[in-house]
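Inspection log for the structure reproduced underneath, given as structure tokens.
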């Protein structure tokens with residue numbers, strides 16, 4: 001920030017926006033993402049938080065959701081089921097997960113597909 005006084009106002013504003021994003025939205029999910037059983041739920045909460053932040057800054061929200069969505073390739077049934085061991089997931093949600101789990105697919109060890117952004121947004125945000 002030493003050279004911030006020499007920045008153009010637009011650059012200073014962009015830097016300020018990124019710093020606010022990191023402090024307000026990104027730090028907690030980043031620090032809490034180390035527990036495998038909590039990762040799917042943490043990612044879902046983070047995506048919802050990004051969506052809610054569009055009221056504050058729609059551009060940062062949209063870009064963040066788009067970029068973060070590329071890192072969701074690992075969220076498929078065999079890994080999401082680990083959320084059954086997450087203390088933050090309530091028992092009602094766990095029962096729904098078990099009821100909706102595709103047990104026939106367990107023997108298929110193919111690489112999961114990367115969900116399209118439209119499909120992901122539709123499922124998460126009811127679009």
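The values are calculated or read from the model by the stated rules, or taken from the named source; none is laboratory data. Just so it is clear, the model here is predicted, and its values are computed rather than measured. For neighbour counting, all protein chains shown are included, and Cβ atoms are generated from backbone atoms with ideal geometry for every residue, glycine included.
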### Query
Would you call residue 21 crowded, with 17+ Cβ neighbours inside 10 Å, part of a helix (DSSP H, G or I) and free of Cβ contacts under 8 Å to residues at least 24 places away in the same chain?
no
### Task
Quick one: which residue in 3, 16 is at pLDDT below 85, over 30 Å from residue 104 (Cβ atoms) and either more than 15 Å from the chain's Cα centre (by Cα) or in a helix (DSSP H, G or I) (or both)?
3
### Query
Just one of the numbered conditions (1) surrounded by fewer than 12 Cβ atoms within 10 Å (Cβ to Cβ); (2) at pLDDT 85 or above; (3) in contact with a helix residue (DSSP H, G or I) (Cβ under 9 Å, 6 or more places away or on another chain) is not true of residue 99; which one?
(3)
